[in-house]
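Read through the structure below, which is laid out as structure tokens, and then see the notes.
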Amino acid sequence: MEVVLKQDVDKLGLRGDVVNVARGYARNFLLPRGLAEVATPGLRRELEKREAQRARHEAKSVDEARAIASRLEARELRFDVNAGPTGSLFGSVTATNVADRLWEQEKIRVDRRKLGMDGIKRIGRYTVPFEVFADVVAELKLVVAPEGEELPPEQELAKLEAAEHAEAEAAEVAAAEEHVEAEAQVEAVIEADETEAAAEPEAGDEPELVSDEPAPPADEA
């Protein structure tokens with residue numbers, strides 16, 4: 001079924017995209033969580049109006065595009081985020097976030113699909129190419145920093161990222177060891193069951209009974 005995304009969804013699309021998904025995925029995940037809504041004819045028409053309005057704000061010539069590019073490259077967009085101790089974000093900064101910020105601060109409408117970026121998942125400084133017009137590309141400067149704090153120096157950022165990689169590798173090793181141990185325990189249980197089964201007498205094999213009574217005396221010749 002076709003739905004309109006109300007938020008960016010990793011590996012699916014950006015807010016406002018019309019996407020075709022499995023009915024169960026839509027009804028059990030996207031719709032209940034408020035991530036999407038059914039793509040009704042009325043909603044489609046509303047999206048087309050918004051697209052037309054956005055297009056009116058885009059550059060109409062190379063000169064206009066160059067002026068916009070120069071304006072954008074002179075600025076730096078800052079995003080205050082919630083991040084863990086190693087600099088990993090609780091969430092991500094997406095093309096939609098950048099487009100929204102450009103409109104809020106610069107009143108410039110941009111097509112999010114023309115922003116050359118994936119979701120940013122770590123604090124740091126980033127440069128994002130934006131195709132303003134044919135053959136006119138602006139380099140957007142982004143700062144993704146912990147909320148209310150200054151961004152650490154590049155050397156410190158590199159150390160944080162290395163620490164996160166080491167932590168992830170240690171977790172993978174621990175998980176692999178746990179898996180091996182679990183398999184060994186299962187094999188031990190199977191081996192014990194097989195040994196016990198082999199020790200049990202088969203059906204029909206009755207053990208010979210030995211009487212405690214003395215044998216009768218032999219007949220005398």
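The values are calculated or read from the model by the stated rules, or taken from the named source; none is laboratory data. Everything numeric here is computed off the predicted structure, so don't read it as measured data. Neighbour counts are summed over all protein chains in view; Cβ atoms, including those assigned to glycine, are modelled from backbone coordinates with ideal geometry. Just the protein is used for accessible areas: all its heavy atoms, side chains included, with ligands, DNA and RNA removed. Shrake-Rupley method; radii C 1.70, N 1.55, O 1.52, S 1.80 Å.
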(request) Would you please give the FRET efficiency between Glu139 and Arg50, computed as 1/(1 + (r/R0)^6) with r the Cβ-Cβ distance and R0 = 25 Å, to the nearest 0.05? (result) 0.35
(message) Semi-axes of the equivalent ellipsoid for the stretch 1-53, please: Cα gyration tensor eigenvalues, times 5, square-rooted, ordered largest first, whole Å.
(response) 19, 12, 9
(request) Count the DSSP beta bridges whose two residues both fall in the stretch 14-157, then state the antiparallel fraction as a percent rounded to the nearest 5. (result) 70 percent
(request) Check the straight Cα-Cα distances from Lys159 and name the lysines below 18 Å, setting aside those fewer than 8 residues away within the same chain. (result) Lys121
(request) Can you work out the accessible area per residue across the stretch 30-144, with the rest of the protein chains kept in place, probe 1.4 Å, in square angstrom? (result) 57 Å²
(request) Enumerate the lysines that Lys114 could reach by cross-link, defined here as Cα to Cα under 23 Å, with residues fewer than 8 away along the same chain left out. (result) Lys6, Lys11, Lys49, Lys60, Lys141
(request) Report the calculated FRET efficiency for Arg23 and Lys121 (r = Cβ-Cβ distance, R0 = 30 Å), to the nearest 0.05. (result) 0.50
(request) Specify the inter-centroid distance of the stretch 60-128 and the stretch 170-197, based on alpha-carbon positions, in whole Å. (result) 49 Å
(message) If packing is taken as the average count of other Cβ atoms within 10 Å, what order do 115-121, 21-27 fall into, highest mean first?
(response) 115-121, 21-27
